[in-house]
Amino acid sequence: MNVNNLFLTRAVSIYKILYYSEKYAVQNKVLDCGAGGDNPPCYIFYTHGYQAHGIDIDKESIEKSARFCCKRKCTMEIKHGDMRNIEYGNKLFGAVYSYNSIFHMSKPDILISINEMTRVAEPGGIIYFNLLHKKDCGYGSGIEIEKDTFKDSNDGIIHTYHEENEIDDEIKGSKLLEKEVINNYQKIDGEWVSQWFIEYYLRKDEDKI
């Protein structure tokens, strides 16, 4: 085994997206919305023979992923982009997902992004995103700029929180495969914190453009 090719991630949800992609035999082309960073999860798809594409709004994160690709000698395409206006055509990807990214915007923009992700997925394709639950320990921290949306007073990053079933009736053009509410405890800066997420696994309707 070549240890240089070993890849580990805490993003367990990515493996489940891969599972559904294989189960429904989607085309082996994936788009990660919020893909930048020094440990890009879309590499898991790349190692399974998928064409891995990604967009990220933060240029520093894109540079980190570029260094990762250079070190691993892989050909993933991760470029600057905004999931509210994805610059790809319709029906191009077998799977489209956003892991720990889509909740860094307002509620209206989250719905716009979900619609954009659905648009670029092929009919029958897999769509995934996760939201912050209002039970999360971070709820109420920072400056409230809209209802349930707070801006960190130090770094300016936005966090938006949802009730468990809040957006269910607003998801269009896809069917729910699985929904999971996750509560985990992590030690951060010496303190135990309670994190809550709502995870959506969807399959795009076969008759949608």
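Taking label points 7 Å from Cα along the Cα-to-Cβ direction, Tyr88 and Asn154 give a separation of 3.4 nm. Taking a ≥ b ≥ c as the square roots of the eigenvalues of the alpha-carbon gyration tensor, segment 70-209 is classed prolate because a/c is 1.5 or more and a/b outweighs b/c.
Note on the chain: with neighbouring protein chains present and a 1.4 Å probe, carbon and sulfur make up 49 percent of its accessible heavy-atom surface.
Put the Cα centre of segment 50-104 next to the Cα centre of segment 109-146 and the gap is 16 Å.
Remark: segment 3-79 carries a charge dipole of roughly 200 debye about the Cα centre, counting +1 on each Lys and Arg Cβ and -1 on each Asp and Glu Cβ. Annotation: amide H of Ser98 within the under-5 Å range of Cys33, Tyr128, Phe129, Asn130, sequence separation 5 or more or interchain, hydrogens built in the peptide plane. About its Cα centre, the dipole of segment 120-209 is roughly 120 debye, where the only charges are +1 on Lys and Arg Cβ and -1 on Asp and Glu Cβ. When the chain is described by a simple charge dipole with +1 on each Lys and Arg Cβ and -1 on each Asp and Glu Cβ, the residue from Ile143, Ala25, His104 located farthest towards its positive end is Ala25. Estimated purely from DSSP H runs of n ≥ 4, each contributing -39500 (n - 2.57), the mean residue ellipticity at 222 nm for the chain is -6500 deg cm²/dmol once divided by its residues.
Rolling a 1.4 Å probe over the heavy atoms of the protein chains gives the chain an accessible area of 52 Å² per residue.
With the simple spin-label model, which puts each label point 7 Å out from Cα in the Cβ direction, the Arg10 to Leu176 separation comes to 2.7 nm. Its relative contact order, with pairs defined as Cα atoms under 8 Å and 6+ residues apart, puts the chain at 18 percent. Straight-line cross-link partners of Lys71 among the lysines, defined as a Cα under 25 Å from its Cα and at least 8 positions apart when in the same chain: Lys29, Lys59, Lys79. Taken one residue at a time, the phi angles of segment 189-198 give Karplus couplings (6.51, -1.76, 1.60, θ = phi - 60°) of 6, x, 10, 7, 10, 9, 9, 10, 10, 10 Hz. Gly and Pro are set to x.
Given charges of +1 on the Cβ of Lys and Arg and -1 on the Cβ of Asp and Glu, with all other atoms neutral, how large is the dipole of the chain about its Cα centre, in debye to the nearest 20?
Rounded to the nearest 20 debye, it is 840 debye.
Subtracting the Cα-Cα distance of Ala25 and Glu144 from 0.36 nm times their residue separation leaves 38.5 nm of extension gain.
The values are calculated or read from the model by the stated rules, or taken from the named source; none is laboratory data. What you are looking at is a predicted structure, and each value in this text was computed from that prediction instead of being measured. Neighbour counts run over all protein chains shown; Cβ positions are idealised from the backbone, glycine included. Ligands, DNA and RNA are stripped out before the accessible areas are found, and what is left, the full protein with its side chains, is counted by its heavy atoms. Shrake-Rupley method; radii C 1.70, N 1.55, O 1.52, S 1.80 Å.
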